[in-house]
Protein chains: 2
Amino acid sequence: MATRIRAQRRSMRKAPQQQRSRATVDAIVEAAARILARRGWAGFTTNEVAAVAGVSVGSLYQYFPNKLALAEAIRRRHLDAVLAALSVSGGDDEGLTLERRVARLIDGVVAAHSVNQALHHVLLDEVPLTPRSSQDAFEIEYLQRYQTIVAAGSGRRAGGELAARVLSAAVEGVVHAAARRGELGSPALKAELGKLVSAYLRSRSRPRGG
Amino acid sequence: MATRIRAQRRSMRKAPQQQRSRATVDAIVEAAARILARRGWAGFTTNEVAAVAGVSVGSLYQYFPNKLALAEAIRRRHLDAVLAALSVSGGDDEGLTLERRVARLIDGVVAAHSVNQALHHVLLDEVPLTPRSSQDAFEIEYLQRYQTIVAAGSGRRAGGELAARVLSAAVEGVVHAAARRGELGSPALKAELGKLVSAYLRSRSRPRGG
DNA sequence: GGAAAATACGAATATACGCTCGCATTTTAT
DNA sequence: ATAAAATGCGAGCGTATATTCGTATTTTCC
C-alpha cells in the first residue's frame, strides 16, 4: 500500500499532501458546489470558482484537470450522500409492515433530495454525465438496495433485478418531478408515492396471469 | 384571423411567408435535430447547423433569435409527437380491461420515445430547459391525458390530479431510465412497467386505510 | 417592367472562458 | 542553513462560436 495518497482516477491531477492544500481543495469544491447551484452548468466558470474559493485558477487546475472533473467531484459527493440516506432506511425492518418499510424508503430518498435542491437539479439535468456504466459502484449499490426492498416486499427472488430497476426509476422519476416543482415537502405526495410502491410490491407477491 | 402567419411567441423572429423560406426553416430544424442528436448540446453550433442544412447562418438567425430557440423548436416538435402518441392510446377503450388500456398507454409512450433516442436523450438531459410552468399548454394537456386514464382505471374522481402527476412522473422516469440504457425495446420491461401502473390503479379503486 | 418585400448570403465582429506557464512563496527534510 | 519539494499565484494566450450587418438575389404584386 502506497504511503502517499494518490490522485483518484482522472478526477484529480495531483493529490494534496499537506494540510494547506487539503484546505484549498475543500474550499474549491465548496465554492464550486455553490456556484454550480447558483449559476447552473452554463454559468459555471472556473475563474469564478477560484475567486469565490479565495484561491487562484492556477491552484484549481493543480488539482482538477478540467471543469468537468470538478463537477464530477461534486456529483460523487452527492451520490455518497444519497446512498447514505438509503442505507439508513435499510436497517432491521424485519418486523415492520410493507407500508412502514416503503414509507421509510421514501422518506430517505426525499430527504436526500431535499438538501440543496438547486445543486441537485443542476447536477441531474445539466451537467453532462460522464458515461456512467451499470458497473459503476454507485449504481450497483443503489440497485442492490432496491432489490432488497423488492425481495422483502414481494417475497420472490425471480425478476428481482428488473423489478428493482423499474421501481427505482419510478421513485426517482416522481421525486425528481416533485423537486422541480418544489413540492418535495408535501406529505400528500409522499403518501401517494407510497401507495404506488406498495401496490406494486403487493402485486408482485400475488401475480396475475400476464 | 390574421391572414399572415405570425411568429409564435419568441421562438421565431420572423415567420416564413413563401414556400422557399418554409423549406429553409424545415431544413434548419431537420439539420438541427440531427446535429443535436449527434453532437449533444455542448457540440451544437449554429454554424454547423446552417452548413448541414445547406443554408447560411444569416438565414438561420432570420428565423430563430438564438441557439436555444432552435432547440426549443425541436423540443416542441417532440412534445407534440408524445402528445399525439398519448392521444392514440386514449380512444374508445370502454370495453377493454384495465391491463389492456395500460398496455396501450405504455406502448404509446414507449413508441414516442423510441424514435430518435439520441435526440431524446440530449433534449431531456442536456438542453437547459426554459422555465416550464405548470400553465404550459403541453403540461396541461399531458396531465389531462393521465387524469383520464386514472379516472378510467380507478373509477374515482377524488385525488385525480395528484395521482395523475405521480403516475406520469413514474412512467416517464422508467421510460427515460430505460432509454438511457437502450432498453426501450425490451418487452419484459414494458410488461413490468405495466404491472406497476396496473397495480397502482387497482389499489386506488379499492383503497386501504392510510 | 419595375418597385417593394421577402429571402439568402457569409465574412467579420465581439466576447467569453478554459487553461497554461513562468515565477513567487511556503513547507519539509537533512 | 539550505536544498528540494510542495503549493500558490494570476496575467494572458488561444480558441471557439454566437450573432450581426451590409449586400445580393429572388419573389410578389401592380
Nearest-first distances (nm) between copies at residue B:26, label 7 Å from Cα via Cβ: 6.2
How far is residue A:11 from itself in the other copies, in nm, if each label sits 7 Å out from Cα along the Cα-Cβ line, shortest first? 4.0
When the Karplus curve 6.51 cos²θ - 1.76 cosθ + 1.60 is applied with θ = phi - 60°, which whole-Hz ³J(HN,Hα) does each residue of the stretch B:121-129 get, with x for Gly and Pro? 4, 4, 4, 7, 10, 10, 5, x, 7
Out of the total accessible area of the stretch B:19-65 (probe 1.4 Å, heavy atoms of protein only), what percent is carbon and sulfur? 49
Residue-ordered couplings for the stretch A:186-200, obtained by feeding phi - 60° into the Karplus form 6.51 cos²θ - 1.76 cosθ + 1.60 and rounding to whole Hz (Gly and Pro as x), are 4, x, 4, 5, 4, 5, 5, 5, x, 4, 4, 5, 4, 4, 5
Cα-based shape type of the protein assembly as shown, given that a ≥ b ≥ c are square roots of the gyration tensor eigenvalues and the cut on a/c is 1.5: oblate
So what is the accessible area of the stretch B:19-65 per residue, in Å², with the probe set to 1.4 Å? 48
Per residue value of the accessible surface for the stretch B:129-180 (all protein chains in place, 1.4 Å probe), Å²: 46
How do A:21, B:133 rank by accessible surface area computed with a 1.4 Å probe, from largest to smallest? B:133, A:21
Cβ neighbours within 10 Å from other chains - mean over A:198-204: 6
For the rotation that brings chain A onto chain B, whose beta-carbon in chain A is nearest the axis, and what is that distance in whole angstrom? A:173, 1
Ordered by number, the residues of the stretch B:173-194 with at least 40 Å² less accessible area in the assembly than alone (1.4 Å probe) are B:174, B:181, B:192
At a threshold of 8 angstrom on Cα-Cα distance, excluding pairs fewer than six apart, so keeping six or more, what relative contact order does chain A reach in percent? 19
So, with a 1.4 angstrom probe, what is the percent of accessible area on the stretch B:135-188 that is carbon and sulfur? 50
Label 7 Å beyond Cα on the Cβ vector: residue B:100 copy-to-copy distances, nm: 4.3
On the full set of protein chains, 1.4 Å probe, figure out the accessible area of residue A:12 and give it in Å² to the nearest 10. 30
For A:107, A:136, the accessible-area ranking with a 1.4 Å probe, largest leading, is A:107, A:136
On complex formation of A with B, accessible surface lost, both sides summed, probe 1.4 Å, nearest 100 Å², amounts to 2600
Which value at 222 nm does chain B reach when only helices count, each DSSP H run of 4 or more adding -39,500 (n - 2.57), with the total divided by all residues and rounded to the nearest 500 deg cm²/dmol? -22500 deg cm²/dmol
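The values are calculated or read from the model by the stated rules, or taken from the named source; none is laboratory data. These numbers come from a predicted model, not from an experiment. Cβ coordinates were reconstructed from backbone atoms using ideal geometry, including for glycine residues, and neighbour counts include every protein chain displayed. Surface areas here come from the heavy atoms of the whole protein model, side chains and all, with no ligands, DNA or RNA. Shrake-Rupley method; radii C 1.70, N 1.55, O 1.52, S 1.80 Å.
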